[in-house]
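Notes follow the structure.
The values are calculated or read from the model by the stated rules, or taken from the named source; none is laboratory data. These numbers come from a predicted model, not from an experiment. All Cβ positions, even for glycine, are placed from backbone atoms using ideal geometry, and neighbour counts span all protein chains on display.
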Amino acid sequence: MFTLLEDSGYLPRIAFNLDRCFRCSGACGKQAITMAMGFGCNACGVTGCRIIDSKRERLIAVITNSLVPCNGRFPTIIAIITMFFVTASGAFSSVLSAVILLAVIILGVLMTFLVSKLLSVTVLRGVPSSFTLELPPYRRPQIGKVLVRSIFDRTIFVLIRACVAAAPCGLIIWILANVDAGDRSLLAHASEFLDPFGRFIGLDGVIVLGFILGFPANEIVVPIILMAYLAQGSLTEITDTSELCRILTDNGWDLTTAICMIIFTLFHFPCATTCMTIKKETGSLKWTAVSVIVPLAVGILLCSIVSRIG
């Protein structure tokens, strides 16, 4: 879809119209495009940052790209909203679910502006660049060109990196779930060790471990949490939301836990594929580390505040 919009001449107009808004946060209007791409996949959004000419503004866009939810995080957020905030059915509940989800998305966008501003006045200090943009005419997209660019330059590029990260991480998850130490699995010991920190941010050790082991892909965070709660040796997925809600509440989840889970799902370290992409695009382990620390710090700070209030 983005390649079609790009080839039709529409994307430069988005960057032009939103440039003033992003300049207020010390960034560039082209970051609007890369941020929107992040809603599909943060790794693709990071790759898209190549369109930003200024190195400083390109780094801001790369570091903040993970502050908006990607496709891997939307299912978790929507499921929690459905289970803990909108329990009834009907048109009103659907509208309410959409409003809450929109509020979560807006929170990610606002945090992108805030963190961009903080970066632009601290470690990435500098004057926002002004760019002269010659708007191309609207044109009919060339389907062959679009397919080649979207499939080979973007999709396969990201999927290969996902496979490289998934294989070793999958092996680690299997070992932790199936190797016992004493009378419990290594997974249970690890979650118990992380439990004090999890309680501090309104979660628990199992949830924190789920995010850590879900480093290869955000989609497997909830299956890992269920695997730990149910003491099973393989990833577990439950499609019935009422059964899923019962399992979570039986393990101590309440409204505060649900809110903190949504926040931490929105703000935590990027997945393995995104981190590999950041390393390749920036050529620096330092900026890759900053890209991991910044969203994680935001998530820990907000969750701890909500936990204290809760």
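Residue pairs whose Cβ atoms lie under 7 Å apart, sitting 6 or more positions apart in sequence or on different chains, and linking a residue in the range 9-26 that is surrounded by fewer than 19 Cβ atoms within 10 Å (Cβ to Cβ) and acidic (D, E) to a partner that is part of a helix (DSSP H, G or I) and modelled with pLDDT under 85, do not occur here.
For every residue, the table says whether it meets (1) surrounded by fewer than 20 Cβ atoms within 10 Å (Cβ to Cβ); (2) under 17 Å from the mean Cα position of the chain (by Cα); (3) part of a helix (DSSP H, G or I).
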| site | (1), (2), (3) |
| --- | --- |
| W174 | yes, no, yes |
| A188 | no, no, yes |
| L203 | no, no, no |
| V206 | no, no, yes |
| G210 | no, yes, yes |
| P216 | no, yes, no |
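The set of residues in the range 207-228 being touching a Leu at 6+ places or on another chain (Cβ under 8 Å) and not β-branched (V, I, T) consists of L209, L213, P223, L226, M227, A228. Contact annotation: residue pairs with Cβ atoms under 6 Å, 6 or more positions apart or on different chains, pairing a residue in the range 191-207 that is closer than 14 Å to Y229 by Cα with a partner that is of a type in the set (D, E) and assigned to a loop (DSSP other than H, G, I, E, B), are D195/D204. Pairing residues of the range 101-128 that are buried (at least 18 other Cβ atoms within 10 Å of the Cβ) and at pLDDT 95 or above with residues that are of a type in the set (D, E) and not in a helix (DSSP H, G or I), at Cβ distances under 9 Å and at least 6 apart in sequence or on separate chains, gives no pairs at all. Counting only helices (runs of 4 or more DSSP H) that sit completely within the range 1-116, those holding 1 or more residues that are farther than 28 Å from P216 by Cα and among the aliphatic types (A, V, I, L, M) correspond to 2-8, 11-17.
Those helices (runs of 4 or more DSSP H) of the range 235-310 in which 3 or more residues are surrounded by fewer than 13 Cβ atoms within 10 Å (Cβ to Cβ) occupy 241-250, 285-309. Within the set V68, V62, V46, the sole residue that is within 21 Å of H268 (Cα to Cα) and in contact with an Asp or Glu (Cβ under 6 Å, 6 or more places away or on another chain) turns out to be V46. With the requirement that a residue be over 20 Å from the mean Cα position of the chain (by Cα) and free of Cβ contacts under 8 Å to residues at least 24 places away in the same chain, what does the range 69-96 give you? V86, T87, A88, S89, G90, A91, F92, S93, S94, V95, L96 - these are the residues of the range 69-96 that are over 20 Å from the mean Cα position of the chain (by Cα) and free of Cβ contacts under 8 Å to residues at least 24 places away in the same chain. How many residues are β-branched (V, I, T) and surrounded by 23 or more Cβ atoms within 10 Å (Cβ to Cβ) if we restrict to the range 190-201? Residues flagged as β-branched (V, I, T) and surrounded by 23 or more Cβ atoms within 10 Å (Cβ to Cβ) within the range 190-201 amount to 0.
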